[in-house]
2 protein chains.
Amino acid sequence: MPAAKKQGQQTLVFSNPPVITASGTVVGTKEAAGPLGKTFDRVVDDPYHGEKSWERAERRFLEDAVQIALKKANLSSREIDFFLAGDLENQTEASALAARDLGIPYLGLYGACATIYEGIALGAVLIDGGFAERVVVAVSSHCCTAEKQFRYPTEQGVQRSLTQSWTVTGAGAVILAAQGSGPVVTHATIGKAIDMGQADPNNFGAAMAPAACDTIVRHLLDTGRGATDYDLVVTGDLGLIGRDLAEGLLQDHGFDLAERFTDCGVLIYDPQQQDTHAGGSGCACSAVVTGGYLLQQIQAGKLKRILGVGTGALLNADSPKQGETIPGIGHAVVIERR
Amino acid sequence: MPAAKKQGQQTLVFSNPPVITASGTVVGTKEAAGPLGKTFDRVVDDPYHGEKSWERAERRFLEDAVQIALKKANLSSREIDFFLAGDLENQTEASALAARDLGIPYLGLYGACATIYEGIALGAVLIDGGFAERVVVAVSSHCCTAEKQFRYPTEQGVQRSLTQSWTVTGAGAVILAAQGSGPVVTHATIGKAIDMGQADPNNFGAAMAPAACDTIVRHLLDTGRGATDYDLVVTGDLGLIGRDLAEGLLQDHGFDLAERFTDCGVLIYDPQQQDTHAGGSGCACSAVVTGGYLLQQIQAGKLKRILGVGTGALLNADSPKQGETIPGIGHAVVIERR
């Protein structure tokens, strides 16, 4: 007997679609200088955010994003049932410290850069299942913490390869609620960890593209929908290289999304002007573009229904050195104007 | 309007309690030599488990635990809706690679050593909410990967302080299902990240005890139950020092659990014979004791209803060096014989 609220192999269907009642986005100066600069709630000029380390700064970005979302929704942290959060720091330390400071019961997640979409999916499960009235989902990333942790000492300023993406400095939070006004979450498709043998930690786009494709195809098969059912299919942080690879893979599967397919990592920077090579990445990439630009487009009526697909590269600093290839993952969520 | 399946501030109530239909536990030789040695499904003599690194070995432990549980339940991985997993490696790499190899849609969690209980709680939410028919929840830890990652090079053999615990080498998996026979999960209490200012990364017990106490007190207040409603209240990996601290804190709150209160990290080793100082810790500690000894006691009718409280220390290798204190977390789940 299949589960009542599951459709096909991997897709959850929400019978009382949870509402995104508010979002909060905080970014650094590089993101503010990009094409979406005016869509973010707050720009923090200082990469240290007044703290003594980039790690502590990242935690401040995360807390700020949550506080902005709470303020917009006119809620206190006591009115939130659960805090679902994750980030790229080892042992998701930014989220743990934010959870401590916010004092909300905490469910820690790790979905790499797909975490905001994993969190929206699980938050919607908690609400539609009757287990929560309101949850906050939030993630962060920081260019300088990610560089030193995954690659080289940030101060060293190592030359970046052209396939490499730029980690977004910032944080995004969304409030999901059983009631209220705003766009709703109607479906979620939970991805598999897909590994096509890509082993270069300087090319995440190539590692993640097959997973993004797999989840999108699965979503369309599970729901019986086609590409034209969506105004936009938008991946998390494939960047320029990964976006093109995913587009080709989707065509191989018989789905030509071309005109309605894009990626948050492609949208957030201007690669010519900003020297960002393959585009944006990091947990915050999909979170600030979804919580900012995309939700604004939906609220303005310019997009009616989108399929957002958070993407993540499931490696750590050691795994490629130990000979492992890099699995990718994609978690998809349908957001639509009600 | 409060959520229908939430009781009090932090407790979820499952109206169709998910069934733990099978479990799988795999440990190393040190765990096999301890008081619970005969309760585990498999003992792996080689800490490398046939691999070239401890990290790759840890992934094998995790996969073995899942395969054992699947075999006991006579299920293939294709019959599982979702794989909820986490571990202590940076970016939970053991779980990511296991997810790739198992091919089950993957929800990555990070709750430090409380992850198996966080996973059981979320797995029960997915099943009771109608979103899944069967899930596997699994975690791993490895003494040698944890030592080198959090403290010193393992080969260095640094002298361990007496407040330090011994990371359990092993993995535990449980299968939760909407139908079947076995003990059931009736409640889950999601913890807050609690920080009382403990800053010593060689004394996790002291960092986690206040969080364990907070969650237990919250659970009893939320449900209106008392200690006598449980045959056993068992924390995850407080160890000898943390167990005593938690017991005292619970007494301060008016709850005297003494005779029915213990800890998986206290049960798993013999501190006199095995030189384990404060006791056992790690994601696998609560997972193999719960998936082995505790479920066996319930199935044998010796325990009717227990409150299991996974405990986690929310630090990484850098956070104490950057001046941060260590938040703890506790997630509780009620397991009872049906």
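May I ask you to verify whether B:R225 is in a loop (DSSP other than H, G, I, E, B) and either more than 17 Å from the chain's Cα centre (by Cα) or at pLDDT below 95 (or both)? Taking the combined requirement at face value, the residue satisfies it. Apart from one condition, B:A146 fits all of (1) within 26 Å of A:A121 (Cβ to Cβ); (2) more than 10 Å from chain A (Cβ to nearest Cβ); (3) in contact with a Leu (Cβ under 7 Å, 6 or more places away or on another chain); (4) not hydroxyl-bearing (S, T, Y); the exception is (1).
Results for (1) part of a helix (DSSP H, G or I); (2) crowded, with 24+ Cβ neighbours inside 10 Å, shown as yes or no for each residue.
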{"position": "A:I116", "(1), (2)": "yes, yes"}
{"position": "A:I120", "(1), (2)": "yes, yes"}
{"position": "A:V125", "(1), (2)": "yes, yes"}
{"position": "A:S140", "(1), (2)": "no, yes"}
{"position": "A:C144", "(1), (2)": "yes, no"}
{"position": "A:Y152", "(1), (2)": "no, no"}
{"position": "A:Q164", "(1), (2)": "no, no"}
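Remark: pairs (first residue in the stretch A:80-96, facing another protein chain (nearest Cβ under 9 Å) and in a strand (DSSP E or B); second residue crowded, with 24+ Cβ neighbours inside 10 Å and polar (S, T, N, Q); Cβ separation under 8 Å; 6+ apart in sequence or on different chains) = A:G86/A:T92; A:G86/A:S95; A:G86/A:T115.
Those residues that are in contact with a Cys (Cβ under 9 Å, 6 or more places away or on another chain) and either surrounded by fewer than 24 Cβ atoms within 10 Å (Cβ to Cβ) or free of Cβ contacts under 8 Å to residues at least 24 places away in the same chain (or both), I need them from the stretch A:273-293; list them, please. First the steps, then the outcome.
Quick first cut of the stretch A:273-293, residues in contact with a Cys (Cβ under 9 Å, 6 or more places away or on another chain) only: A:279-290, A:293.
Correct list: A:Y293 only.
Scan the stretch A:173-210 for residues that are of a type in the set (A, V, I, L, M) and over 21 Å from A:D244 (Cα atoms) and the total you get is 10. The number of residues in the stretch B:1-40 being away from chain A (no Cβ under 14 Å), surrounded by fewer than 15 Cβ atoms within 10 Å (Cβ to Cβ) and either part of a strand (DSSP E or B) or among the polar types (S, T, N, Q) (or both) comes to 1. Do we have any residue at all in the stretch A:106-117 that's over 19 Å from the mean Cα position of the chain (by Cα) and at the interface with another protein chain (Cβ under 9 Å from one of its Cβ atoms)? No, the conditions are met nowhere in the stretch A:106-117.
In the list B:G323, B:G330, B:G301, which residue meets the criterion of being out of contact with any strand residue (DSSP E or B) (no Cβ under 7 Å at 6 or more places or on another chain) and within 14 Å of chain A (Cβ to nearest Cβ)? Outline the logic, then answer.
Values: B:G330 fails: out of contact with any strand residue (DSSP E or B) (no Cβ under 7 Å at 6 or more places or on another chain); B:G301 fails: within 14 Å of chain A (Cβ to nearest Cβ).
None of the others qualify; the one that does is B:G323.
The values are calculated or read from the model by the stated rules, or taken from the named source; none is laboratory data. In this text the structure is predicted, and so the values were computed from the model without any measurement. Neighbour counts run over all protein chains shown; Cβ positions are idealised from the backbone, glycine included.
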